[in-house]
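Below is one structure; the comments refer to it alone.
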Amino acid sequence: MTIQSSLKRLSGGLLISLLVSQGALATTAAAPAAAPVSYGVGTDTFHPVRAQHGMVASVDATATAVGVKILQQGGNAVDAAVAVGYALAVTHPQAGNLGGGGFMLLRTASGHTTSIDFREMAPVRASRNMFLDAAGNADSKKSLTSPLASGVPGTVAGFALANKEYGTLPLSQLIKPALDLARNGIVVNDSLADDLTVYGKEVLSGHANSRAIFFKADGTPYRQGEKLVQRNLAHSLELISRQGPDAFYKGKIADEIAGEMEQHGGLIAKSDLANYRAIERKPVGGTYRGYQVFSMPPPSSGGVHIVQILNILENFDLAKMGFGSADAMQVMAEAEKYAYADRSQYLGDPDFVKVPLQALTSKAYAKSLAQQIDVAKARPSSEIKPGKLAPYESDQTTHFSVVDKDGNAVAVTYTLNTNFGSGIVAGNSGILLNNEMDDFSAKPGTPNVYGLVGGEANAVQPYKRPLSSMSPTIVVKDGKTWLVTGSPGGSRIITTVLQLVVNSIDFGMNVAEATNAPRFHHQWLPDQLRVEKGFSPDTLKLLTEKGQNVKVMSTMGSSQSIMLAPNGMRYGASDPRSIDDLTAGY
Ligand code: DON
C-alpha cells in the first residue's frame, strides 16, 4: 500500500507525521526474524527469579508477599492483583492508591484477553479553560497541587469490577491484608523515606490532613525503619471491606471527598462519585515478528503507540543491528518521534473523541512511516511538527504483574500521577487524592508535567478521562501468554515497555536482562534523545553525528515483569532502578 492510500484510511484528517517529505528508504526486503528466546540460563549476565506455580512482581516487597500469599491460598491472578493493589495503597502511598486510577490488562488461561479502564474522570463542573490563569496561560499549580487537580478516582471501582467478573475470593478477604497493614503499621522502607524527604515537604506538608499522617509531632517526615500507622485509611478500608465500593462512591468516604472539595474549592461532588463507572474495554492488539501483543486501549495512548512503533520496527532488522548499536537506537528513536507526534493530535478519551485506532495501528501506515526513517540521519522534530520544549520532572506511578498456577495473567498500572498526587488527603478518609487532571491538555501546545503536548482531542470536558501513557502489556507466543509487563514513568512508559518487548524478542534477552539493560527515549517534543547511563560513548557519538540531540539523564521506568516458559516455569524481574521492590513466587 502506498503512503497516499494509507493516508486515506485515516478518518478525521491527515496524520501530521505524513506531512514531512519522504526520507531515505531503510526497510529490508525479507521480514527480519526474532532472536532465539532466552529464559535465563547459567551463562546469562542477569538472572530472573524463578517459580513453578504463581508469581508476583511489584515495586514493594510487602505488597508482593501479600499477592503471593493470596495465590497460595488458592486465589487466582485477579484476586492476587486486587490484594496487591490494596496493599500498595498502604505501603507505597507515593503511587499506590484508593484516590487515583489506572488500568488492568488480563489474559485468562483459556486465552480471553480483556482490560479494565479505571482511569479518573473529570468532574461534571470541569471546564475547558479551568487550568488557565488570568492571562490565558496554563497554570500547572492548579492542575498539579490544588484541589482542582483531582479527577474522580477509579481504583476502588476498577478493583471491584475485576473482582466481580474475574475473581474467585470475596473482596473483603483481598482487602484484609491492606487493612491490617494500615491498622498495625508498616515499617517505613528506604523508598518511602526517600520520597517523603524529597517530595513530602513540597507536596504534603502544606495540608494538615496529610501532615498528620506522614509527618511526626516534631514536624519531620517518617524515616526509614520507623513505624507508620494509618488509622483513617484503615477505617476507610474497613468500610469498603464491609459495604463494597458503595462506601467509597456513595457512602461515608464520598462524603469525606466531596466535603474536602467543597471546603477548599475543588470540583468533585457526591454526584460525580456516584456516576463513576469502571469500564471493561477490548485491548489494542497487534503482532510483532510472529508474537501477538495486547495492551491498553484509549484513554491510554500506550497500547496504540506500542503497537504502532513495533509495526514500524518490524521493517528493520534490529537483531542484526544489535542491542545498543547506534543504528538500532536511531531507528527506534525516529519511530518514537512519529508515534508521539500522532499522540498529540489523535489520542483522547474514546467516549468523547473518535480515535483512528485501526489506521494508527495498521501495518501499511507503519510501513509508510518506516520508509521515511533514515538510519543515517535524524529528522528534526521541528520538521514533523513545531512545539515548545519542556523540562522533565520527577514522577511516580506503579506497575505490578501477576501470574497464577493456571496461567491466568494480570498486568496493572495505576497511579496518583506525580508523587503523592495532589498531596491532599480527603478529610478524615486517610486517602490521598490524585492530580491526574494535569494529564489533560490545559491549553493546546502547552506541555504537561511530562513535556507532552496535546490538543483538542485531550481538552478538559466534564466526565471525560484524561489521556494516559500507562501501558500494561501482555505478549503471547504460540497462543500462550509469554510476557506480562508494564512500568511507571509518565511519557517514558510507552518506550520503556517497548524496550522490554524489543529486548526480549529482537535481542534474545531473558526477562532480567531485558529489564536491566540501559534505556533510551524520544518523545518527539522536546527534540531530545534521552539516554540512561550505560551506553557506549562511541554509540552516543555516532547518534550525535546522525543528528540526534543526545542527553544522558536519570533512569527511566520501574518495570515489573513475568515471562512464562513453555515448560510452565515462571521467570520474573523487578527493576533495579527501584529500591525495595520484589519479584517472588512459589
Ligand atoms: O497516566 C499517565 O500517563 C501518567 N499520569 C502516569 C504518571 C506516571 O507514570 C508517573 N510515574 N512515574
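For this structure, a couple of remarks:
- ASP538 outside any loop (DSSP other than H, G, I, E, B) and open to solvent by 10 Å² or more (accessible area, probe 1.4 Å): yes
- For the range 465-497, the set of residues classified as basic (Lys, Arg) and under 19 Å from the mean Cα position of the chain (by Cα) consists of ARG465, ARG492, listed by residue number.
- In the set ALA514, ALA565, only one residue is surrounded by fewer than 21 Cβ atoms within 10 Å (Cβ to Cβ) and aliphatic (A, V, I, L, M); that residue is ALA565.
- Index of the failed condition, GLY158 passing every other in (1) open to solvent by 10 Å² or more (accessible area, probe 1.4 Å); (2) in a helix (DSSP H, G or I); (3) within 24 Å of ASP255 (Cα to Cα): (1)
- Just one of the numbered conditions (1) within 16 Å of the ligand (Cβ to nearest atom); (2) open to solvent by 10 Å² or more (accessible area, probe 1.4 Å); (3) within 30 Å of GLY423 (Cα to Cα); (4) at pLDDT below 95 is not true of PRO350: (4).
- Extreme residue, most open to solvent (accessible area, probe 1.4 Å), among residues of the range 164-175 that are assigned to a helix (DSSP H, G or I) and over 23 Å from ALA426 (Cβ atoms): LYS164
- Test: GLY557 is more than 16 Å from the ligand (Cβ to nearest atom), open to solvent by 10 Å² or more (accessible area, probe 1.4 Å) and not aliphatic (A, V, I, L, M): no
- Leading residue by the ranking (modelled with the lowest pLDDT) among those in the range 327-345 that are more than 16 Å from the ligand (Cβ to nearest atom) and open to solvent by 10 Å² or more (accessible area, probe 1.4 Å): GLN345
- Filtering the range 402-457 to residues that are within 30 Å of ASN567 (Cβ to Cβ) and within 16 Å of the ligand (Cβ to nearest atom) leaves ALA411, VAL412, THR413.
- With respect to the conditions (1) surrounded by 19 or more Cβ atoms within 10 Å (Cβ to Cβ); (2) within 16 Å of the ligand (Cβ to nearest atom); (3) not in a strand (DSSP E or B), ARG530 lacks only one, and its number is (3).
- Sole exception among (1) open to solvent by less than 10 Å² (accessible area, probe 1.4 Å); (2) out of contact with any Leu (no Cβ under 8 Å at 6 or more places or on another chain) for MET509, by number: (1)
The values are calculated or read from the model by the stated rules, or taken from the named source; none is laboratory data. None of the values given here were measured: they were computed from a predicted structure. Reconstructed Cβ throughout: ideal geometry from the backbone, glycine too, with neighbour counts over all protein chains shown. To get the accessible areas, we keep the full protein, side chains included, count just its heavy atoms, and leave off ligands, DNA and RNA. Shrake-Rupley method; radii C 1.70, N 1.55, O 1.52, S 1.80 Å.
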